[in-house]
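Notes for the one structure printed next.
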Amino acid sequence: MAEILILVVLVGMVVVVLLLPIWTSRGKRKMSDSLARYQAIAEALLDSDLPRAREALKSLIRTNTEDIAAYLRLARILRKEGDLERSVALYRSLKARDIHERSLRQQVLAGLVEDLFLLGRYDEARAEVDGLKQLDKKNPLIWQVEVYEALAREDWGRAVKATDSLSRTGRGYTGPTQAQIRTYIAAKRAAAGEVRDARKLLEEALKDEPDYGAALDLLGDLWSRQDEHEKAAGVWKRLLRARPEAAPHVLGRLEKAYFEMGRFGELDSLYEELSGSDRKRSSALQLGRARMALRRGAKTEALRIVQELLEREPDCREAQTWQLLLLIEAGRVEDARDQLKKAADAMLASPERCLCPYCGNHVNAAAVRCEQCGKWLPDPFVAGDLSAGGARR
């Protein structure tokens, strides 16, 4: 019996010795194959070739269905490609698995919440937030969902509180700023006649972003509606100092405020002060100076201002039109003068609407959020913010 046992052990040892190199080489080949596939994926991503990276990940997953990290990478690529529905389906399938590693479970839930959020399916995102809280209670997605859900329900107080909580997370948040959300809510409250609450929100927004154009623009309007022309003019001057690009949108209302205050003559020096701060960006302010000079009867001065502007900006169509008007003012052709004056005044008129840079929908210049696509809009008075499809109309 002992001899049989010894023989069995010896045979077993021989088998192990013979098969171990085969098993080891298979493991090495498998590892080497995985590394090669990951290298191919990395190269595709470096080349910004998302379809190639996606197919390489699918191939990797077919060889190892337990590679959760590969599934997560695939879901992120699907999101970048805009295929959020498939990304959500992938995250849901991963959620149904028994994943032991906490960080992987957290990534699955965070990805699912974010994709549902991007799809606008806020109720479903909210349903997943409780699970995310258990794994990562400081994740900004939790408060982001809370903000949007409150906005959808028009629960403005809750939205503001969630916004404050969101700002305190300090973790990679890229959604609307506190100033944007407060200004959006202020516009809604103003429309509902809650002017005092709207002003308070705008003042809070301006504490966060003192030069935020949409907030300054709306705050000036609210003061103007209550015939507080001094305060309205003060806000609009603040806007012009911070954002000279806002001049075409503001000048008409600013002039009206000064007229109501009986201080119309002060606009000359104000325009000179404002346009002197950054002449290259203040053609509208320079033309405002010319218009004021013309109203005073100082035609020669008005023409000089316009010609100085044309020396700096020879392609400025508005200045070209004004030059024609002023040259005619120096002489004759009454009918032509009237038409040119209308055209020149129109060029200083407020461009009340812009295009959303995301969907192309027409939006008010002071809008904070596009009603069509729901995207948060950039500051309309910062140069270049509307250049990618958001040109003024």
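The values are calculated or read from the model by the stated rules, or taken from the named source; none is laboratory data. Since this is a predicted model, take the numbers as computed values, not measurements. All Cβ positions, even for glycine, are placed from backbone atoms using ideal geometry, and neighbour counts span all protein chains on display. Note: accessible area is taken over every heavy atom of the protein model, side chains too, but ligands, DNA and RNA are not part of it. Shrake-Rupley method; radii C 1.70, N 1.55, O 1.52, S 1.80 Å.
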Within the stretch 144-160, residues assigned to a helix (DSSP H, G or I) and more than 21 Å from the chain's Cα centre (by Cα) come out as Gly157, Arg158
Q: State whether one or more residues within the stretch 220-228 are part of a helix (DSSP H, G or I) and open to solvent by 60 Å² or more (accessible area, probe 1.4 Å).
A: yes
Could we say that Gly157 is out of contact with any helix residue (DSSP H, G or I) (no Cβ under 7 Å at 6 or more places or on another chain), open to solvent by 20 Å² or more (accessible area, probe 1.4 Å) and at positive phi here?
no
Q: Kindly establish whether Ser103 is of a type in the set (S, T, N, Q), in a helix (DSSP H, G or I), modelled with pLDDT of 85 or more and surrounded by fewer than 15 Cβ atoms within 10 Å (Cβ to Cβ).
A: no
Taking the stretch 364-393 and the residues there that are at pLDDT 85 or above and aliphatic (A, V, I, L, M), the one that is most open to solvent (accessible area, probe 1.4 Å) would be Ala367
Evaluate the following for Glu272: is it assigned to a helix (DSSP H, G or I), within 34 Å of the chain's Cα centre (by Cα) and over 22 Å from Ala365 (Cβ atoms)? yes
Contact list, first residue from the stretch 81-105 and without any contact (Cβ under 8 Å) to a residue 60 or more places away in the chain and more than 20 Å from Gln134 (Cα to Cα), second anywhere and small (Gly, Ala, Ser) and in a helix (DSSP H, G or I), beta-carbon distance below 8 Å, six or more apart or interchain, is Ser87/Ala75; Ser87/Gly111; Leu90/Ala75
If we ask which residues in the stretch 258-268 are under 16 Å from Gln226 (Cα atoms) and either at pLDDT 85 or above or loosely packed, with under 13 Cβ neighbours inside 10 Å (or both), their number turns out to be 3
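Here is a yes/no grid of residues against (1) under 24 Å from Trp143 (Cα atoms); (2) in contact with a strand residue (DSSP E or B) (Cβ under 6 Å, 6 or more places away or on another chain); (3) among the basic types (Lys, Arg):
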position	(1), (2), (3)
Leu78	no, no, no
Lys95	yes, no, yes
Gly111	yes, no, no
Leu116	yes, no, no
State yes or no: is Arg189 surrounded by fewer than 16 Cβ atoms within 10 Å (Cβ to Cβ), of a type outside the set (Val, Ile, Thr), touching a helix residue (DSSP H, G or I) at 6+ places or on another chain (Cβ under 8 Å) and under 17 Å from Ala366 (Cβ atoms)?
no
Expected single match for in contact with a helix residue (DSSP H, G or I) (Cβ under 8 Å, 6 or more places away or on another chain), over 22 Å from Tyr184 (Cα atoms), open to solvent by less than 60 Å² (accessible area, probe 1.4 Å) and acidic (Asp, Glu) among Glu255, Glu245 is Glu255
Of the residues in the stretch 118-127, those that are part of a helix (DSSP H, G or I), surrounded by fewer than 22 Cβ atoms within 10 Å (Cβ to Cβ) and not basic (Lys, Arg) come to Leu118, Tyr122, Asp123, Glu124, Ala127
If we ask which residues in the stretch 173-215 are of a type in the set (Asp, Glu), assigned to a helix (DSSP H, G or I) and within 20 Å of Val250 (Cα to Cα), their number turns out to be 1
**Prompt:** If we scan the stretch 33-52, do we find a residue that is open to solvent by 70 Å² or more (accessible area, probe 1.4 Å), part of a helix (DSSP H, G or I) and modelled with pLDDT of 70 or more?
**Reply:** yes
